[in-house]
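Asks: Sharing a structure with you now.
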Amino acid sequence: MSAQDTAIAKLQRLPEPLAREVNDFIDFLLLKQDVDRWQMWTHFNESRSLAEAGMDDYARNLDDYEERLARGEIRW
């Protein structure tokens, strides 16, 4: 039995709420395989984290963001 067949058999035994969580995780794994979409997601997530940070951390976060941008770890 292949890994996919085993996973499907296990998935079929899960209650619906857990099956939805597995489905979300599969979507996440598929997203990671699409390099362009994954980069957009990580950029969005980092931007969201910066936006949610308190103003006390603003300067430190901005410096970190600019350094990471300069190193090419993230893109505009």
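The values are calculated or read from the model by the stated rules, or taken from the named source; none is laboratory data. Everything numeric in this text was worked out from a predicted model, so none of it was measured. Virtual Cβ from ideal backbone geometry, glycine too; neighbours counted across all protein chains shown.
Asks: I'm checking my understanding of the structure. Among residues of the range 55-74 that are among the aliphatic types (A, V, I, L, M) and surrounded by 10 or more Cβ atoms within 10 Å (Cβ to Cβ), which one is farthest from His43 (Cα to Cα)?
Replies: Leu62
Asks: Within the range 50-65, can you find the residues that are modelled with pLDDT under 75 and closer than 17 Å to Trp76 by Cβ?
Replies: Within the range 50-65, Leu50, Ala51 qualify.
Asks: Looking only at the range 14-30, how many residues end up being over 28 Å from Thr42 (Cβ atoms) and in contact with a helix residue (DSSP H, G or I) (Cβ under 9 Å, 6 or more places away or on another chain)?
Replies: 1
Asks: Then there is this: Find all pairs meeting these conditions: Cβ atoms under 7 angstrom apart; at least six residues apart or on different chains; first residue within the range 37-49 and farther than 11 Å from Tyr65 by Cα; second residue in a helix (DSSP H, G or I) and not β-branched (Val, Ile, Thr).
Replies: Arg37/Leu31; Trp38/Leu31; Trp38/Lys32; Trp41/Leu31
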